[in-house]
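Colleague: Mind having a look at this structure? Questions to follow.
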Ligand SMILES: [Mn+2]
């Protein structure tokens with residue numbers, strides 16, 4: 001059995017079901033999974049309803065209904081199969097569509113998971129899309145949604161573009177369908193549809209360009225010297241996606257020169273990016289990265305259904321609600337970032353850490369940690385702890401690092417999983433970004449334990465002396 005056999009089996013299991021419940025995660029990838037699967041399913045005339053959960057755990061399991069429907073778990077489930085067993089679900093009642101590490105379970109639930117087949121850079125939205133396409137080849141309009149999910153789950157980050165089946169099948173399908181545009185060797189930069197060009201350059205720190213990253217005035221002067229028009233006659237700022245190819249080329253080569261002059265490499269200056277020509281210009285729905293931020297904002301503020309409605313094409317009420325959430329989301333993250341920088345982190349040998357208490361919702365602390373990293377010591381992973389509103393005995397831990405540190409052997413998912421298990425907690429995620437829940441009483445010891453595991457990872461990779 002190969003991966004495509006698993007995809008076929010899943011499509012058949014869905015097509016045979018009288019009715020279906022999709023249980024999905026509240027992040028951009030999970031919301032994309034839900035929108036892809038529920039559309040593919042309802043197009044087949046099968047009744048489908050959806051449940052979103054922040055994570056799948058004993059506390060959220062009661063949200064999964066006990067009825068005759070097939071339960072399709074998307075972007076979660078692989079690591080929580082024992083919960084299905086405890087609940088008494090049979091093999092026939094469950095289908096898992098996931099890309100996370102699988103948990104051993106004595107009952108063999110059907111699972112479509114790209115990870116065991118070595119496709120590490122495809123998210124659950126990618127797997128969902130392959131199932132949807134298997135169900136009906138007319139579902140290629142949904143490739144666009146899968147690209148948003150993949151990019152939202154950082155699948156394009158490490159290689160500066162999607163790779164493997166996410167690239168060869170999904171992106172190609174989107175291009176053929178006509179609602180996806182590939183921009184090869186574009187600037188590796190966030191906010192190309194909505195931010196003034198100089199601010200896009202300023203907020204970008206991968207690669208970090210001295211004098212431009214984190215320096216709005218420097219970036220503006222840089223563009224001025226290059227003779228780039230920055231504002232319209234009415235004073236509106238141009239965004240990256242609307243300036244000419246020639247202007248883009250001039251800016252990119254000047255940035256390359258600057259990096260080389262500083263002795264830095266230019267390899268991360270370029271990225272393949274994915275634009276959506278069917279969306280309104282200068283809105284965050286125009287490219288995969290910003291679209292994913294809209295979905296994440298919906299999820300983090302407990303309105304994943306709004307993100308799902310947008311993915312289905314709602315550009316009215318749902319989109320307006322999402323715009324408000326996005327604004328609020330950004331303001332709070334900015335505030336969190338300032339808090340982290342102003343308060344400062346404590347440094348251990350292999351990590352830096354901070355406890356933000358109950359000041360910020362636990363759903364955004366990881367994002368803030370990632371953003372703070374570039375302003376702190378980027379060579380050490382950052383660990384942020386916060387309180388969990390639903391449970392005063394628990395602490396949520398979020399860790400972030402960057403590609404360079406991952407290349408040196410660091411695997412945050414492994415570190416948090418291993419350390420949290422020792423304290424009866426649980427963790428998950430990726431090498432570059434991971435999270436865990438631990439007992440509040442274990443906080444201090446836990447940080448020391450993670451520090452030691454990271455030290456072992458650096459040493460095992462032979463990069464002890466950084
Ligand atoms: Mn995912």
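Colleague: What are the residues in the stretch 243-262 that are assigned to a helix (DSSP H, G or I) and loosely packed, with under 15 Cβ neighbours inside 10 Å, if any?
Modeller: The answer is 245, 246, 249, 253, 257, 260, 261.
Colleague: Further question on the same structure: If you take the residues of the stretch 81-98 that are within 16 Å of the ligand (Cβ to nearest atom) and without any contact (Cβ under 8 Å) to a residue 40 or more places away in the chain, which of them is surrounded by the most Cβ atoms within 10 Å (Cβ to Cβ)?
Modeller: Of everything passing the filter in the stretch 81-98, 96 is surrounded by the most Cβ atoms within 10 Å (Cβ to Cβ).
Colleague: Next question. If a residue has to be within 20 Å of residue 61 (Cα to Cα) and buried (at least 20 other Cβ atoms within 10 Å of the Cβ) to count, how many in the stretch 1-20 make the cut? Outline the logic, then answer.
Modeller: Taking the stretch 1-20 as the starting set, the residues that turn out to be within 20 Å of residue 61 (Cα to Cα) are 19-20.
Checking the rest, the ones that are also buried (at least 20 other Cβ atoms within 10 Å of the Cβ) come to 20.
The number of residues fulfilling the criteria is 1.
Colleague: Identify, please: which residue in the stretch 15-38 is more than 25 Å from residue 120 (Cβ to Cβ) and touching a strand residue (DSSP E or B) at 6+ places or on another chain (Cβ under 9 Å) and is, among those, nearest to the ligand (Cβ to nearest atom)?
Modeller: Ranking the candidates gives 38 first.
Colleague: For the stretch 433-454, check the following and say yes or no: at least one residue is assigned to a loop (DSSP other than H, G, I, E, B), within 18 Å of the chain's Cα centre (by Cα) and surrounded by 21 or more Cβ atoms within 10 Å (Cβ to Cβ).
Modeller: No; the residues of the stretch 433-454 include none that is assigned to a loop (DSSP other than H, G, I, E, B), within 18 Å of the chain's Cα centre (by Cα) and surrounded by 21 or more Cβ atoms within 10 Å (Cβ to Cβ).
Colleague: Within the stretch 21-48, track down each residue that is surrounded by fewer than 14 Cβ atoms within 10 Å (Cβ to Cβ) and in a strand (DSSP E or B).
Modeller: 47 - this is the single residue of the stretch 21-48 that is surrounded by fewer than 14 Cβ atoms within 10 Å (Cβ to Cβ) and in a strand (DSSP E or B).
Colleague: Residue pairs, Cβ under 6 Å, 6 or more apart or interchain, first in the stretch 53-76 and within 25 Å of residue 394 (Cβ to Cβ), second more than 16 Å from the ligand (Cβ to nearest atom) and assigned to a strand (DSSP E or B). List them.
Modeller: That search, which allows pairs on different chains as well, returns 63/51.
Colleague: For the stretch 124-227, which fully contained helices (runs of 4 or more DSSP H) count at least 1 residues that are within 16 Å of the ligand (Cβ to nearest atom) and farther than 16 Å from residue 292 by Cα?
Modeller: 124-135
Colleague: Moving to a separate point now. Here is a check on your reading of the model: is residue 56 crowded, with 19+ Cβ neighbours inside 10 Å, in a loop (DSSP other than H, G, I, E, B) and within 14 Å of the ligand (Cβ to nearest atom)?
Modeller: Working: crowded, with 19+ Cβ neighbours inside 10 Å: yes; in a loop (DSSP other than H, G, I, E, B): yes; within 14 Å of the ligand (Cβ to nearest atom): yes.
It is true that residue 56 is crowded, with 19+ Cβ neighbours inside 10 Å, in a loop (DSSP other than H, G, I, E, B) and within 14 Å of the ligand (Cβ to nearest atom).
Colleague: Could you go through the stretch 101-116 and let me know if any residue there is in a loop (DSSP other than H, G, I, E, B), buried (at least 21 other Cβ atoms within 10 Å of the Cβ), away from the ligand (no atom under 16 Å from the Cβ) and more than 23 Å from the chain's Cα centre (by Cα). Can you show your working first?
Modeller: Narrowing the stretch 101-116 to residues in a loop (DSSP other than H, G, I, E, B): 101-109, 114.
Checking which are buried (at least 21 other Cβ atoms within 10 Å of the Cβ) leaves us with 109, 114.
Now restrict to residues that are away from the ligand (no atom under 16 Å from the Cβ): 109.
Subset that is more than 23 Å from the chain's Cα centre (by Cα): 109.
Taking every residue of the stretch 101-116 in turn, at least one turns out to be in a loop (DSSP other than H, G, I, E, B), buried (at least 21 other Cβ atoms within 10 Å of the Cβ), away from the ligand (no atom under 16 Å from the Cβ) and more than 23 Å from the chain's Cα centre (by Cα).
Colleague: I'd like to know if the stretch 158-174 contains one or more residues that are at pLDDT below 95 and in contact with a helix residue (DSSP H, G or I) (Cβ under 6 Å, 6 or more places away or on another chain).
Modeller: Step one: filter the stretch 158-174 for residues at pLDDT below 95, giving 158-160.
Of the ones still in play, those that are also in contact with a helix residue (DSSP H, G or I) (Cβ under 6 Å, 6 or more places away or on another chain) are 158.
Checked against the condition, which is being at pLDDT below 95 and in contact with a helix residue (DSSP H, G or I) (Cβ under 6 Å, 6 or more places away or on another chain), the stretch 158-174 yields at least one hit.
Colleague: Among the residues of the stretch 263-316, which ones are touching a strand residue (DSSP E or B) at 6+ places or on another chain (Cβ under 7 Å), part of a helix (DSSP H, G or I) and under 22 Å from residue 186 (Cβ atoms)?
Modeller: 286, 288
Colleague: Quick check on residue 147: is it more than 26 Å from residue 252 (Cβ to Cβ) and surrounded by 24 or more Cβ atoms within 10 Å (Cβ to Cβ)?
Modeller: No, not satisfied.
Colleague: Quick test for you: out of 214, 262, 287, pick the one residue that is modelled with pLDDT under 95 and either within 28 Å of residue 332 (Cβ to Cβ) or outside the structural domain of residue 328 (by TED's automatic domain parsing) (or both). Lay out the reasoning, then the answer.
Modeller: Working: 262 fails: either within 28 Å of residue 332 (Cβ to Cβ) or outside the structural domain of residue 328 (by TED's automatic domain parsing) (or both); 287 fails: modelled with pLDDT under 95.
That would be 214, the only listed residue that is modelled with pLDDT under 95 and either within 28 Å of residue 332 (Cβ to Cβ) or outside the structural domain of residue 328 (by TED's automatic domain parsing) (or both).
Colleague: Moving to a separate point now. Determine if the stretch 415-423 includes at least one residue that is touching a strand residue (DSSP E or B) at 6+ places or on another chain (Cβ under 8 Å), assigned to a strand (DSSP E or B) and surrounded by fewer than 21 Cβ atoms within 10 Å (Cβ to Cβ).
Modeller: No: zero hits.
Colleague: Give just the number: which of (1) in contact with a helix residue (DSSP H, G or I) (Cβ under 8 Å, 6 or more places away or on another chain); (2) part of a helix (DSSP H, G or I); (3) crowded, with 20+ Cβ neighbours inside 10 Å does residue 405 not satisfy?
Modeller: Failing condition for residue 405: (1).
The values are calculated or read from the model by the stated rules, or taken from the named source; none is laboratory data. Given the structure is predicted, the values throughout are model-derived calculations rather than measurements. Note that each Cβ is placed from the backbone with ideal geometry, even for glycine, and that neighbours are counted across all protein chains shown.
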